[in-house]
Amino acid sequence: MTLLREAIGESLRRARIAQSRTLREVSTSARVSLGYLSEVERGRKEASSELLAAICQALDLPLSRVLSDVSAAMAEADGVPARPVPAAPAAAPADAAVATVSVPLGAIAEETRIVIPAPRAEKLVLVQAK
């Protein structure tokens, strides 16, 4: 059986490593001691909601995303089938082929990028990622 604190720690560690950040960088940004952050990541300490929020903010990661990842990981470990992600309703041009895909939570690798072609329009707004 997976403990909640272990699953949360694993999710936070994966996020930190994916950003190529050190424990020291994140602990300084989150204003949490390096040792305590290490204990949280290893699943040895139960983090409060305030501490989790501070760590997630330091990682520029929504707490809801961490909790969603943790929920999917725990369901998978318990052998519970994941619920499909509901498809958002979208308006498509009349000549476009539309497909709806249900993907279980956690089934897409963290480093996977989903690319959606830009709509044909005279005006496009470009947003720079952080």
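The values are calculated or read from the model by the stated rules, or taken from the named source; none is laboratory data. Since this is a predicted model, take the numbers as computed values, not measurements. Surface areas here come from the heavy atoms of the whole protein model, side chains and all, with no ligands, DNA or RNA. Shrake-Rupley method; radii C 1.70, N 1.55, O 1.52, S 1.80 Å.
What does the accessible area per residue of the stretch 7-53 come to in Å², with a 1.4 Å probe and no ligands, DNA or RNA counted? Write down the numbers at each step before the final one.
Working: 2710 Å² over 47 residues.
Per-residue accessible area for the stretch 7-53 comes out at 58 Å².
Each residue of the stretch 49-56 in turn: what ³J(HN,Hα) in whole Hz from Karplus with 6.51, -1.76, 1.60 and θ = phi - 60°, glycine and Pro shown as x?
For the stretch 49-56, the Karplus curve yields 5, 5, 5, 4, 4, 5, 5, 5 Hz.
Classify the stretch 1-77 from the C-alpha gyration tensor, please: rounded if a/c falls under 1.5, else prolate or oblate depending on whether a/b exceeds b/c. Kindly include the intermediate steps, with their values, before the conclusion.
Working: a/c = 1.72, a/b = 1.48, b/c = 1.16.
It is prolate, given that a/c is not under 1.5 and a/b is the larger ratio.
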